[in-house]
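Taking it in order: structure first as structure tokens, then the write-up.
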Amino acid sequence: MTVDRYLLESDRTYFECGARLTPLPGAVLAHVAGFEDLAAGAVVHRIDPGGLAPDPLTWLVALEKRLASLGVQRAQLYLDVPAPELEWALTHIGYRCREEVGLLHPAAPLQSDVTLTPIRDEEDWHLKQALHPDNESGPDGHTNNPVRWAAFERFKQAAGYFTLYLARHHGEVCGAMGMAEVGPIMQFKNLVVAPAHRRRGVGAAMLRAGVRLAHDRNKMVLGGFAITGDAGEALYLGSGFTPVTRQWGWDRLLTVAAPVRRFQRTARAHR
């Protein structure tokens, strides 16, 4: 497996770790019970466009019924290969698409004035939660309740996916990020910089500390994902990361009724 595939696989593992996995026609549903209110709590991925029988629309309707029966509030799908018919169906039902770029940086003994310390106790978790202001888009691109998001990350750490670290700059907590080891790579996940420390070079210093940690763990590279066009992408590119792969996240609130009948007529005309 190439390093770019390992990077994609690290995201698949993130969603599946600690989750109930349900095979679907042409896909897998990773559902973390108790976190249905979070977009990352129920994700449909490992999608094979050729396996969406009998057709993408019927498949989507059945999928949304299943998700709703589980109490899932937001349908979240990930594609890492082109799927024109499914993408057309998703667009016309009202899904939003966010392209994510996967980037890598060679592991190296870089110097940084930021230190990373593992989150261990309740005080650490309180500091981590305080890094996420209310009504602000979180590391996954969605607006999440800080308490619920911290609980979800705590669950993923306990399930063994990653270790979460607090970042300190001259002793003051300035951010946090998770670090997961998958094959020859280390992936940083859910990087967040405290509001008071933004636009001061702290994010870049955190990445340098991550590159060093990957080196110390004998990994080839440090990798991560950013939403295309977002500030995170600019930060990673400016820190020497190289784009190597893409994936596409599609999401829609299930509390908003999909115009299925109208879409079925449109789909027949499209065919």
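One table, with the values for the structure above:
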read-out	value
Between helix 84-93 and the chain: long-axis angle, C-alpha atoms, 0 to 90°, nearest 10	80 degrees
Two-site FRET efficiency, Arg96 against Ala234, from Cβ-Cβ distance with R₀ of 22 Å, rounded to 0.05	0.55
Mean shadow area of region 67-222 over all directions, Cα convex hull, nm²	11.2 nm²
Fraction of the pair-distance distribution of region 30-83 above 13 Å, Cα-Cα pairs, percent	60 percent
Inverse of mean 1/r across different Cα pairs in region 8-99, Kirkwood, Å	13.3 Å
Most mobile of Ser239, Ser69, Ser112 in a GNM of the chain (Cα contacts under 10 Å)	Ser69
Among Ala180, Ala68, Ala209, residue whose mean-square fluctuation peaks in a GNM of the chain (springs only between Cα atoms under 10 Å)	Ala68
Portion, in percent, of the accessible area of the chain that falls on carbon or sulfur, probe 1.4 Å	52 percent
FRET efficiency, Arg198 to Asn218 (Cβ-Cβ, R0 35 Å, nearest 0.05)	0.65
Probe 1.4 Å, accessible area per residue of the chain, Å²	45 Å²
Gaussian network model of the chain, springs between alpha carbon atoms under 10 Å - residue of Pro82, Pro243, Pro56 with greatest fluctuation	Pro82
Asp37, Asp251, ranked by accessible area, largest first (probe 1.4 Å)	Asp37, Asp251
Helix axis angle, 202-216 relative to the chain longest principal axis, alpha carbon, degrees	80 degrees
Relative contact order of region 1-110, pairs being alpha-carbon contacts under 8 Å that are 6 or more residues apart, as %	22 percent
Computed [θ] at 222 nm, deg cm²/dmol, the chain (DSSP H ≥ 4; -39,500 (n - 2.57); rounded to nearest 500)	-10500 deg cm²/dmol
Dipole in debye (nearest 20) - the chain, about Cα centre, beta carbon charges: Lys, Arg +1; Asp, Glu -1	540 debye
Reduced Cα scattering model of the chain, Debye log10 I(q)/I(0), q = 0.07, 0.09, 0.10 Å⁻¹	-0.26, -0.43, -0.52
Mean Cα-pair separation over length for the chain, i.e. relative contact order, pairs under 8 Å, 6 or more apart, %	27 percent
Convex hull projection area averaged over all views, region 61-115, Cα basis, nm²	7.3 nm²
Nearby aspartates and glutamates by direct alpha-carbon distance to Lys156 (threshold 15 angstrom, same-chain neighbours under 8 apart not counted)	Asp11, Glu16, Glu36, Asp140, Glu181
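The values are calculated or read from the model by the stated rules, or taken from the named source; none is laboratory data. None of these values were measured; they are calculated from a predicted model. When we count neighbours, we look across all protein chains shown, and the Cβ atoms used for this are built from the backbone with ideal geometry, even at glycine. Each accessible area value is taken on the protein alone, full model and side chains, heavy atoms only, with ligands, DNA and RNA left out. Shrake-Rupley method; radii C 1.70, N 1.55, O 1.52, S 1.80 Å.
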